[in-house]
Amino acid sequence: MAAIPMNSVRAEPALPTPPAAKPRSRSVAPLTGVLTLVVLVLVPVCALVVPAGHPLHLSDYALTLIGKILCYGVAALALGLVWGYSGILSLGHALFFALGGYAFGMYLMRESAGDGLPAFMTFLSRTELPWFWWGFDNFAWAVLMAALVPGAVALVFGYFAFRSRVKGVYLSIITQALTFAAMLLFFRNETGFGGNNGFTGFTTILGFPIAASATRVALMLSSFLLLVGAFLACRFIVNSRYGQVLTAIRDAETRTMFVGYRPLGYKLFAWVFSAMLCGLAGALYVPQVGIINPGEMAPVNSIEMAIWVAIGGRGTLIGPIIGAVGVNGAKTLFTAWFAEYWLFFLGAIFVLGPLLLPHGIVGLFKRRRA
Amino acid sequence: MESGLRPQPGRGPFSPEHRLKTCLNHARQLCLRLLMLVLLTGIMTPALAMEDGILTALAGRDFAAKSQAVSQLIEAVATGDAQARELVLSLATNDVPNVRLNNILRQRIGAAASVLALESPDRAARAQAVQALLSSPPPAVLVPIVEAAIAREQDAHLQERLALLTALMGLQAADAGQRRDAVQRVAETGDPQYRTRLLDLLERNPDGSWVEPDESVRQATTEGIASLDAADRRARQVGTVFAGISLGSVLLLAALGLAITYGLIGVINMAHGEFLMIGAYATFVVQNLFRQYAPEAFDWYPLAAVPAAFLAAALVGVVLERLVLRHLYGRPLETLLTTFGVSLLLMQSIRMLFGAQNVEVMNPSWMSGGLTLMPGLLLPWNRLAIILFALIVVAIAWLVLNHTRLGLFVRAVTQNRGMAACAGVPTHRVDTQAFAFGAGIAGLGGCALSQIGNVGPDLGQAYIIDSFMVVVLGGVGQLAGTIVGAFGLGILSKTIEPFWGAVLAKIAVLLLIILFIQKRPQGLFALKGRSVEA
């Protein structure tokens, strides 16, 4: 980055992130395990056994909403990993999220179309599937692609970006431009992904009707398990030796290079892992909301992800999840009560969040405890 | 004489007399050629019989006969026959009862009438006639009349157009030499709209023979078309470069302020696009005030809109810097998010104040129309005005940055904030002033944009990413870099667009920039020195 020496005269605190992760004495495994078990038992019971109208009943709407927010939580966790632990603020994670969603959407489209072509293709008078639709009638292939395609895009882009040591604000802007360009591309009918309308009208997933309560419970639980798995994986990564070097690169890249590390591989791994995680989150998101279109790649979506991380607290793993759940919960309430003021509220979160909560919600608790 | 020209009542097209008359006409037409000769030698015989015959033929239903009659009439006009002239004029105004002409014949009569209109003393009438004739040239026999008109014509522009007209008419001349000459003259105009006229000469008749019998004329036509095509390509190239410069000037106005503030605080201000929007809306308000209180001075509203746009955007800039950014210095990524939130707030406020719809900003009358640089290439005045405006703004920015105390401070703080502070530069005040200056320049850009595009709450969003790209390309804190980046990006996009379309061009440009920063991570014009790598 053509960095300008930032304000070295002012007595500002250093980067508002907690110190590099230390191997912890206290393990989170038992707590996480118990929580997971409770959710795995309670949710199906509340949704399927408890009768409708009972206060403990989980409606389909609530299931979808929770599942959606859990997917956002995974995306936020992925972004939190690169931003909080390697200092890369990506404004392109909506692209990875949408790519995963598109990959899984292709599976759902082919499943609902049966042996024929998806409806939008006959509409565009195509006679056969484009080559890149090959294999998407297979569930496993679609899930694999939902992780590999975003990973591959991230790998190519990240290699060129990190190799020339693009970082900071520069990198953010370029990832945003990349997302913007991809959005323009997906808006075109010729690209072969349904253009403006994207994919919708899904009927079944693995043969199960997609709108059934049991399917929705399964999807929501999958999202939850993905979130737990992703959290544990990220935790393992940041607590490992590799994670320590990554944090060192974040705090002083040049110095770490002098010590003898090459930052490229370290950054690239975190970046690609994060993109793949984000792609999987997108893949689970699409069957729950029932639609994927290029609007998912709008620059504002990426930036919203960043604000979840900033509000929750960057430099932690639980922070981004808290931020995603909190901001999206607020969004759901706000858009239901006073829709026209939501953008004002969101703007206010953007402005006031970094001003008042420099360490996020998590930072607030830490300070209290200290 | 007048009564002789008019068909007598009772001689309808279906009457037996009429049939007889048409038969007789055929006999008479043989005499016509003789009469023509007589006329040509200057013996002015009152050709009552001939006119009568033409009129009768025109009143008939036989298209071939009618067509021939029109040809005769036009030949008669060419010789200066006063009766024929009158007849043409009255036919052209549909003033002759019983005569029905189809479109082809009416067009030919109309062309002849337009040729006669070239003798009008009124310049506007002559100009209109030339315009009509150029789009459908009359037959070559009328060339002498047009040449006489050229000799009379005082207006150089009309004279030129008339000369072109004779060239177009000459394409149908009887003499091959004249035709060849005409082809060359048409080709010399370089105007692609005459290409089809030349192409017609290379057609074949249904029986396989050439429409144009003369080999050398065909040769000249082929060359003429090639030269027209070359001229067309040149016009397109110049047009592309102009479109690129025009886009570049807009990008320059959008990116200039961004480069200054980025250089200073190290953060790309995501709300920068909204400063453009504020400038455009300020222009809208000023325009409305002028329309309401000073409609007679409406043409000069930009004079008031320019400072208003600057001040409005600068004011919002000061507020933003003082209230928000000041507290986030040293945390660039969070500042990025915050400025994005500010952009959301500003857009939503504008939606509430002015509505979500686009508002209409009128061009002042002197900005409508354009400059015809070469045939087939019109440069709109509003775009030319914006290019000039952008250059003036750059000149002002250069003066401020290089020849004022503020500019000196801004450059010092951009290069090394700590050292500047040690040397006594009031960095806080410089930040505010420079931020206001950058925002104000964006406001000026918005004022310019309002003259060529839609003004709506989303105005800034359309330009913000391109402006970032300019800054990335040009490097930070360098005026020259921004200028080269803006015009380079503008011309590059417009060059790719005709081949790949706007969307793929945007993607291609983006990929090129990503590749470019592999080589020059600091942009085209990097700051040098130890301060670069912080």
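See the values below:
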item: Dipole magnitude of the protein assembly as shown about its Cα centre (Cβ charges: Lys, Arg +1; Asp, Glu -1), debye to nearest 20; result: 4000 debye
item: Taking the stretch A:65-296 and dividing mean pair separation by its residue count, relative contact order in percent (alpha carbons under 8 Å, at least six apart); result: 45 percent
item: Computed FRET value (nearest 0.05) for B:Ala124 with B:Ala82, which takes r as the C-beta separation and R₀ as 25 Å; result: 0.50
item: Efficiency of FRET from Cβ geometry, B:Leu391 and B:Glu188, R₀ 35 Å, rounded to 0.05; result: 0.50
item: Cα long-axis angle, helix B:63-78 against chain B (0 to 90 degrees, to the nearest 10); result: 80 degrees
item: Proximal charge balance of B:Phe409 [Cβ under 13 Å; K/R count +1, D/E count -1]; result: +3
item: Cα-centre dipole for chain B with unit charges at Cβ (Lys and Arg positive, Asp and Glu negative), debye to 20; result: 1460 debye
item: Mean-position separation - Cα centroids, the stretch B:94-110 and the stretch A:286-316, in angstrom; result: 71 Å
item: For residues of A:344-356, the mean tally of beta carbons on other chains within 10 Å; result: 6
item: Cα centroid separation - the stretch B:318-337 against the stretch A:79-138, whole Å; result: 37 Å
item: Cα shape, the stretch B:345-468, gyration tensor, a/c 1.5 rule; result: oblate
item: Cβ-derived FRET efficiency at R0 30 Å, B:Ser349 paired with A:Tyr61, nearest 0.05; result: 0.35
item: Per-residue Cβ neighbour rank within 10 angstrom, fewest leading, B:Met419, A:Met109; result: B:Met419, A:Met109
item: Peptide ranges B:268-280, B:144-156 listed from the most packed, as the mean C-beta count within 10 angstrom indicates; result: B:268-280, B:144-156
item: Inter-label distance for B:Gln159 and B:Leu399, nm, one decimal - labels placed 7 Å from Cα along Cα-to-Cβ; result: 4.4 nm
item: Given charges at Cβ of Lys, Arg, Asp, Glu: chain B dipole, positive-most of B:Leu165, B:Leu73, B:Ile225; result: B:Ile225
item: Length-normalised contact order for chain B - Cα pairs under 8 Å, 6+ apart - percent; result: 15 percent
item: Anchor B:Lys66: aspartates and glutamates whose Cα lies under 19 Å away (excluding residues fewer than 8 positions away in-chain); result: B:Glu17, B:Glu51, B:Asp52, B:Glu75, B:Glu86, B:Asp95
item: Sum of -39500 (n - 2.57) over DSSP H runs of 4+, divided by residues of chain A (222 nm, nearest 500); result: -22500 deg cm²/dmol
item: Electrostatic dipole magnitude of the stretch B:68-216 [Cβ: Lys, Arg +1; Asp, Glu -1; Cα centre; debye, to 20]; result: 380 debye
item: Most fluctuating residue given options A:Ile349, A:Ile322, A:Ile311, as computed from a GNM of chain A linking Cα atoms under 10 Å; result: A:Ile349
item: Theoretical gain in end-to-end length, A:Ser213 to A:Ala29 [0.36 nm per residue, Cα-Cα removed]; result: 63.2 nm
item: The stretch A:110-218, relative contact order [Cα under 8 Å, separation at least 6], %; result: 25 percent
item: Most mobile listed residue (A:Ala336, A:Ala211, A:Ala78) in chain A, GNM with C-alpha springs under 10 Å; result: A:Ala336
item: Within-12-Å neighbourhood charge of A:Phe136 [Cβ basis; K, R +1; D, E -1]; result: -1
item: Proximal charge balance of B:Leu346 [Cβ under 13 Å; K/R count +1, D/E count -1]; result: -1
item: Restraint check, A:Lys167/B:Lys519; A:Lys68/A:Lys331; A:Lys167/B:Lys494; A:Lys267/B:Lys506, Cα-Cα greater than 22 Å; result: A:Lys167/B:Lys494; A:Lys267/B:Lys506
item: Partner chain coverage, peptide B:498-511 - average Cβ within 10 angstrom; result: 3
item: Peptide A:152-162, shielding by other chains (average Cβ, 10 Å cutoff); result: 1
item: A:Leu264 versus A:Leu206: modelled label distance in nm, points set 7 Å from Cα along the beta carbon direction; result: 4.1 nm
item: Mean residue ellipticity (222 nm) of chain B, computed from DSSP H runs ≥ 4 via -39,500 (n - 2.57), nearest 500; result: -24000 deg cm²/dmol
item: Where a label projected 7 Å from the Cα of B:Val319 along Cα→Cβ would reach, residues of the stretch B:263-300 with amide N under 18 Å; result: B:270-286
item: Highest-MSF residue in chain A out of A:Ala103, A:Ala306, A:Ala181 [GNM, Cα springs under 10 Å]; result: A:Ala181
item: Selection from A:Gly194, A:Ala181, A:Leu227, by position along the positive dipole direction of chain A (Cβ); result: A:Leu227
item: B:Val241-B:Lys519 pseudo-label distance in nm [points 7 Å out on the Cα-to-Cβ vector]; result: 2.2 nm
item: Relative packing of B:403-415, A:44-56, which averages over residues the other C-beta atoms within 10 Å, highest first; result: B:403-415, A:44-56
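Each reported figure results from applying straightforward, stated rules to the coordinates on display, with no laboratory input. The structure presented is a predicted model; accordingly, all values stated were derived computationally and were not measured. Every residue, glycine among them, receives a Cβ derived from its backbone with ideal geometry; neighbour counts consider all protein chains shown.
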